Structures are given as C-alpha cells and as structure tokens.
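Visitor: Starting off with a structure, shown below.
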Amino acid sequence: MSPRSSSGFPFPPKPCSPSLSRTLPPCLRVIPVRDATKLGRLRELASSRQLDALILQLPENVVYVTDYWPLLGMTFVVFPVDGEPALVHSNFETEAKTWIKDVRIAVSESVTEVADAFANGLEVVRQVLEDRGLARAKVGYEGSFSSVGTGFLKYRTNSVTPGSLETMKRKLPGVSWEDATDLLYEARSIKTELELEKLRVANEVSGFGLEAMYLGLTEGVREVDLATKIENASVTRGVGYRGAEHVIACAFVSSGEFTAETYGVCFGNSPKKLRKGDFVMLEYDVVVDGYSSDMSRTYVVGQPDLKQRHLLETVYEAQVEGVRMEKDGLPAKEVCKKAEDIIRKGGYGEHLKHYFGHGVGVTIWEPHPYIHSKSSDLLKAGMVHSAEPGAYVHGYGGVRIEDNVFLSRSGPVYLSTYRPIQE
C-alpha cells in the first residue's frame, strides 16, 4: 500500500506535524472578516424563494453569517436580502467579535429583573425589523433542523421548537414565516475560501489529538485516560494556534473486539485497559471557533499482525480510491459504491455497516453531500465532506479511517494528514 503522499492528491500548504505546529508564530486574536462570497450566495438563495429576510438563532447559523460563535445560544441574526445584517446580542454573552456594525444588546437578566431571554431578544429583533422597513416582511426561519450544532458551551444546545415559533409569531405579529432549513443547508454545502481556511485550522488542531493518540498507544493505558489525553492535546495546543480562540474536542476511544461495535452499541471511554495487539479506534470531533473536523483513526497497540494489516490496508485503499475518483458533478453514490466494492473484494462485504461520508462545516454532520450508495446528491466543487469507510468484524475488531476532504475545481484535496494508517 503506497503512502498518501504519493497517491496524487495535493496536501494543504500547512499540514499538521509536530515540528510545524510548534514553530508557527502564535496569534492571540482572530479578526472577523466579511465574507462577501458567502453572504452573496445566501442572499441569492433567499431571493429565489421571494424572502425579504432571514431570522436566525441557532449557533451554527449565527457563526455562519457573522463569524461570531455564541457562548450560550441567545443571539439572533437579522439577515435582510437587501442591506446589511444586524446582530442581537444577549448581555449574558461575551463581547461579540464580528464584522457586523449593527450590534444591539438584549437584556436577558439583571439584578432588578428576571427576564425571558428569548422573548427579550425578539423584542430587539422587532425593533430591527421596524428600523429596516421589514415589520411586515416574508421571513425565513430555522424550522426543521434535525441535527443542531452547539454554542461554545457544548453542554447547551438550542433548537427552534413549536413553542419558540409561537413566541416568534406573538412578538413579531406582522411577519409571515417560511421554513428556510433546506435553503440554509444548501448555502452551507459550498465553502468559500475563508471558510476553507477555518476548516483547515480545525483539521490541524484535530491532528494534535491524533498525534497524542498515536504516541499514547501503550499497553495498560485505560481507554478513558487515552481519550482525555487526546482532547487535552487539541485544546491546549489548539487555543492560539493560527488565531484560534475557542476549541472543543470530543474523543471516543474503543479497543479490542469492541471496535467492531462502534456503530451499534456505545462501547468506549471505559476503564478497560489497552492490551498488546488490540485494535484501538478513535472517533474524534473537534470544533474551532464554530468550524468542525470529523476524524477517525484505527491503530494497533504494538505492530499489526498480517490479518490486522490486511483489514487496515483494505479500508485505507477503499478511502483513497473512493476519494481519488471525486469530481464536480459526479453522483455521490458512485464514490460509496467504489469504496464498498474494494471492501467486498478484500473479503469484508458482510462487515459493511455505514455510508462513505457526509458534509462537514459549521456542524460535525452536514446533510450535503451525503455519500451513500442510495444518495441522490451530486458532488460539487466547494464541498467539504468526511471520507470514512469501515469494516467491522463482530468478535474480532473493526477498522474505520476517516478524513476530511475538500473538492476543488481541479479535484479532491485532503484537509487532514496525520498518519492515516499505521506504518
């Protein structure tokens, strides 16, 4: 099996490696930049639906439009089709670092008043709409998001519930509402150059954790301790790296025969100790200033034996050859079928459990492109997705190798580069 460096795919200009990551000059503050390409695409899609504006509250959409990653999820964005956006910011949040000039404060609570943060935010949104002549506008909202990205406080998530919509209708009585979920997903599926740079950083910060995993594969180490070490590496080395301010890392480590069950029962991060010869699988999600990476690695404690090596190389070949065929306009299902064919030829057809990949961006899991053998999606230049084929042999062990890939106009580019397979 040839290493990826000779597979023909271009690497990002600054791949994650210990020597490089330690010599880059620190940058302690990100300066948000207005992404005209992204905003223009969103306006075009909203206009095609005859919408006058979008009102957004989910942290993933707030960061998408404004570059500000809300701490609590109490922030609103008013995005007119004509004119500049406004940010309605809770007094409970940190200072909003954003390029937006119209930033208004909504009082969530004070020493003299117990307030309804959501309703108070909408009251300020109403003022924005009146100021912009949009009090009776047709507005798109986040009506049916099924997978919701968190704010910086990862234990708090927000969603637009039926009760939330009723409050919105009550506070903004002149507005007519339309669910814009599919519009937002479509806009987010194509990444701009500025977004791509954010995703590169997220992948490089993830690489710090992958390195910690590889160096920490020691007999007797507990799964939970290895997971903690992985997360700690990305957070401590990631904050300040290439301007990163906030980093969330979530590592899920399983070992031995339980690596075959990783897509069934949630085994892992347990007190179980690694044994020599064990498969060790990492599912690793990292978010840097609101942009995500979604990675997996499978290594062996010690050196893989011939049987393990065959499974590892089969899955690796499936990933590389699936990615190699990607181009603008190709049906996504063809990539998945290619990878599955390789895994079947390797003798693991009955051990396939899932698709080849999914979109990655302001959430870990974006619906486009959905790279499944039954998918109707077409690959488009500008998309970023996971590439995560796997084979899971019950009672023996499983292998998944997952990287993030950017589809440029000239072909696929790996965003993640750290040791895809054990040498």
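The values are calculated or read from the model by the stated rules, or taken from the named source; none is laboratory data. Just so you know, these numbers come straight off a predicted model, no measurement behind them. Reconstructed Cβ throughout: ideal geometry from the backbone, glycine too, with neighbour counts over all protein chains shown.
Visitor: Checking the structure you have, find out if any residue of segment 280-300 is surrounded by fewer than 23 Cβ atoms within 10 Å (Cβ to Cβ), out of contact with any His (no Cβ under 9 Å at 6 or more places or on another chain) and in a loop (DSSP other than H, G, I, E, B).
Guide: no
Visitor: Let me ask something else about it. Inspect segment 379-390 for any residue being more than 22 Å from Val287 (Cβ to Cβ), among the small types (Gly, Ala, Ser) and assigned by TED's automatic domain parsing to the domain that holds Val287 and give the result as yes or no.
Guide: Residues of segment 379-390 more than 22 Å from Val287 (Cβ to Cβ): 379-381, 389-390.
Now narrow it down to the ones that are among the small types (Gly, Ala, Ser): 381, 390.
Narrowing the set further to residues that are assigned by TED's automatic domain parsing to the domain that holds Val287 leaves 381, 390.
Among the residues of segment 379-390, at least one is more than 22 Å from Val287 (Cβ to Cβ), among the small types (Gly, Ala, Ser) and assigned by TED's automatic domain parsing to the domain that holds Val287, which makes the answer yes.
Visitor: OK, next. Give me the strands (runs of 3 or more DSSP E) completely within segment 53-110, filtered to those with at least 1 residues that are surrounded by 21 or more Cβ atoms within 10 Å (Cβ to Cβ) and in contact (Cβ under 8 Å) with a residue 60 or more places away in the chain, ordered by residue number.
Guide: Values: elements: 53-56, 76-80, 86-90, 102-106.
Because the criterion is at least 1 residues that are surrounded by 21 or more Cβ atoms within 10 Å (Cβ to Cβ) and in contact (Cβ under 8 Å) with a residue 60 or more places away in the chain, the strands (runs of 3 or more DSSP E) in segment 53-110 that meet it are 53-56.
Visitor: For segment 168-177, how many residues meet the condition of being surrounded by 15 or more Cβ atoms within 10 Å (Cβ to Cβ) and either of a type outside the set (A, V, I, L, M, F, W, C) or free of Cβ contacts under 8 Å to residues at least 12 places away in the same chain (or both)? Steps first, answer last, please.
Guide: Taking segment 168-177 as the starting set, the residues that turn out to be surrounded by 15 or more Cβ atoms within 10 Å (Cβ to Cβ) are 168, 171-172, 175, 177.
Filter once more, keeping what is either of a type outside the set (A, V, I, L, M, F, W, C) or free of Cβ contacts under 8 Å to residues at least 12 places away in the same chain (or both): 171.
Selection size over segment 168-177: 1.
Visitor: From (1) without any contact (Cβ under 8 Å) to a residue 40 or more places away in the chain; (2) of a type in the set (Gly, Ala, Ser); (3) part of a helix (DSSP H, G or I), pick out the condition that doesn't hold for Ala318.
Guide: The one condition Ala318 does not meet is (1).
Visitor: Of the residues Leu210, Leu184, Leu199, which is modelled with pLDDT of 95 or more, crowded, with 20+ Cβ neighbours inside 10 Å, not assigned by TED's automatic domain parsing to the domain that holds Val384 and not aromatic (Phe, Trp, Tyr)? Break it down stepwise before answering.
Guide: Numbers: Leu210 fails: not assigned by TED's automatic domain parsing to the domain that holds Val384; Leu199 fails: not assigned by TED's automatic domain parsing to the domain that holds Val384.
Residue meeting the stated conditions: Leu184.
Visitor: Can you work out which of the residues in segment 334-366 that are touching a Gly at 6+ places or on another chain (Cβ under 6 Å) and not in a loop (DSSP other than H, G, I, E, B) is surrounded by the most Cβ atoms within 10 Å (Cβ to Cβ)?
Guide: Val335
Visitor: Looking at segment 233-252, which of its residues are touching a residue at least 12 places away in the same chain (Cβ under 8 Å) and part of a loop (DSSP other than H, G, I, E, B)?
Guide: Gly240, Ala244, Glu245, His246
Visitor: Does Lys338 count as without any contact (Cβ under 8 Å) to a residue 40 or more places away in the chain and at negative phi?
Guide: Numbers: without any contact (Cβ under 8 Å) to a residue 40 or more places away in the chain: yes; at negative phi: yes.
Judged against the criteria, Lys338 is a match.
Visitor: Take the residues in segment 195-226 that are small (Gly, Ala, Ser) and within 19 Å of the chain's Cα centre (by Cα), then tell me which one is nearest to Arg275 (Cα to Cα).
Guide: The first filter runs over segment 195-226 and keeps only residues small (Gly, Ala, Ser), leaving 202, 206-207, 209, 212, 216, 220.
Of the ones still in play, those that are also within 19 Å of the chain's Cα centre (by Cα) are 202, 206-207, 209.
Working: Ala202: 31, Ser206: 25, Gly207: 24, Gly209: 21 Å.
Once the filter is applied, the top-ranked residue is Gly209.
Visitor: Checking the conditions here, which among Val107, Val88, Val78, Val62 is closer than 18 Å to Asp179 by Cα, touching a Ser or Thr at 6+ places or on another chain (Cβ under 9 Å), assigned by TED's automatic domain parsing to the domain that holds Thr181 and among the β-branched types (Val, Ile, Thr)?
Guide: Working: Val107 fails: closer than 18 Å to Asp179 by Cα; Val88 fails: closer than 18 Å to Asp179 by Cα; Val78 fails: touching a Ser or Thr at 6+ places or on another chain (Cβ under 9 Å).
The conditions single out Val62.
Visitor: Continuing with the same structure: So in segment 301-333, with the set limited to residues that are under 18 Å from Gly397 (Cα atoms) and among the hydrophobic types (A, V, I, L, M, F, W, C), which one is surrounded by the fewest Cβ atoms within 10 Å (Cβ to Cβ)?
Guide: Selected residue: Leu306.
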